[in-house]
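The values are calculated or read from the model by the stated rules, or taken from the named source; none is laboratory data. Treat the numbers as computed from the prediction; the structure is a model and nothing was measured.
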Amino acid sequence: MSIIQKLLLNAMIISKEKNEPVEVRCPKCGRTQIVYIPKEEIPVCETCHIQMVISELLDEGKST
Ligand SMILES: [Zn+2]
C-alpha cells in the first residue's frame, strides 16, 4: 500500500462516521469498482487476485 493510500485511509478512518465512496482500480487489468470506505475494504481483483488501488475519490458532497 502506498503512502498516499495510507494517508487517504487515515483521513477516512478519522471521519469514519460517514462512508466515502471511492473508485478503486486494478493496476493490472484496469477493472474499476466503487466501494465505500471505511465501511468496505479495498477489494481484490477477481481476475488478477491482486489488491486494487484507490484511483479517485468520489466526494458527492462537493458539487463545485
Ligand atoms: Zn485485475
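Some points to look at:
- Set side by side, the residues T64, T47 differ, and just one is outside any strand (DSSP E or B) and either modelled with pLDDT of 85 or more or of a type in the set (D, E) (or both), which is T47.
- Qualifying residue in the stretch 9-29 (condition: at pLDDT 95 or above and on the phi > 0 side of the Ramachandran plot): no
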